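Below is one structure, written out as structure tokens; the observations come after it.
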Amino acid sequence: MNTFVDLHMHSTASDGSLPPEELVRQVKLAGLSAMALTDHDTVAGCALAAATAAAEGLDFLPGIEISCEFPRPGTMHLLGYGVDIHSPALHELTRRLIAGRTGRNARMIELLQSAGIDVTEEELLAEAGGGTVGRPHLAAILVRRGFVSSVREAFNLYLGQGGRFYVDKETTTSRQAIAMIHSAGGVAVLAHPSQLRRENHAQLMTVIKSLADQGLDGIEVIHSDHRESLIDHLSDLARRLGLLATGGSDFHGSSKPYITLGRAGRRRIPREVFDAVRQGIAKRRP
Ligand code: AMP
Ligand code: ZN
Ligand code: FE
Ligand code: FE
């Protein structure tokens, strides 16, 4: 049967607006046959999502999205699929990243307050509802309180790289992230290569080749940010380097209302993509 899947989405365990169970139900309602949950710096939503997926008859892979060191203005995110959610290596890294976020949030709040924008850490924690706290939560508060008119404006003026209140996040190196993903039994995939902001295809290839040397297993070819010409180029690159070609919407719910589950622009993600990732995970297991 010709079905579709989505391998990149966020729940309330990070900066998505739907709780894991609700997100899985929405995936089912969207008519997809398989999914992966990929919250920033945490697998806290995966157990509940997996149980709901099983009950709904959906195939599921636990996942995570990790931010890695990379020169501005680019950002590098790595996706880990099929990781053991109880892996000590994974928990050591996520603990460090989440602790880093706590310090960063305090610093951003300090900057906002010193500019007369009265937002508190308590308010931010409440907005995040127990999940990993990110800039989208702060953006939501700024919009609600009328300091800006939209999330886009919040990022452009204040929270984006180069914005007035932007503070760097604790990250890890791609080498460490790939090693952690592998030691947790997963495969490592470069998320949305467009966000590396390389100037041309040759530069992009250089980055991806060096990641492949570090053990990268795949690239996210289909993504909401990717235009057709980039998808073609990345497919070709994946084929030539022997990497998995994956895809996902990067659904966040209400904080990015223009993104729909199971869709990446005009594209959908064929079922074979999920099966290939699952095979890649099986191959890494002894
Ligand atoms: P953080 O993990 O706190 O650095 O925040 C990263 C999140 O902010 C990711 O989900 C991004 O997609 C989101 N984000 C980054 N830049 C923007 C932007 N200009 N508009 C909306 N969301 C953004
Ligand atoms: Zn996010
Ligand atoms: Fe990302
Ligand atoms: Fe994401």
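None of the figures in this text is laboratory data; all of them are computed from the coordinates on show. Since the structure is predicted, the reported quantities are computational estimates derived from the model, not experimental observations. Quick reminder, even Gly has a Cβ in these numbers, built from the backbone with ideal geometry, and neighbours come from all protein chains shown.
Points to keep in mind about this one:
- Straight-distance candidates among the lysines for linking to K169, with alpha-carbon spacing under 29 Å and chain neighbours fewer than 8 residues away dropped: K209, K256.
- Taking a span of 24 Å or more along the helix axis (Cα atoms) and a mean Kyte-Doolittle hydropathy of at least -0.5 as the rule, the DSSP H helices of the chain that qualify are 88-114.
- The HN-Hα couplings worked out from phi for the range 65-70 by the Karplus form 6.51 cos²θ - 1.76 cosθ + 1.60 (θ = phi - 60°) are 10, 10, 7, 10, 4, 6 Hz, whole numbers, x standing for Gly and Pro.
- Separation of the E199 and R152 label points, Cα + 7 Å toward Cβ, nm: 2.8
- Classification of the range 1-151 by its C-alpha gyration tensor yields a prolate form. The axis ratio a/c (a ≥ b ≥ c) is 1.5 or more, and a/b outweighs b/c.
- For the chain, calculated [θ]222 nm from helices alone, where every DSSP H run of n ≥ 4 adds -39500 (n - 2.57): -13000 deg cm²/dmol
- Taking label positions 7 Å along the Cα-Cβ direction at both A99 and E170, the computed distance is 0.5 nm, reported to one decimal.
- Here the Karplus relation 6.51 cos²θ - 1.76 cosθ + 1.60, evaluated at θ = phi - 60°, turns the backbone of the range 2-17 into coupling constants of 8, 10, 10, 9, 8, 10, 8, 7, 10, 10, 5, 5, 10, 9, x, 9 Hz, with x for every Gly and Pro.
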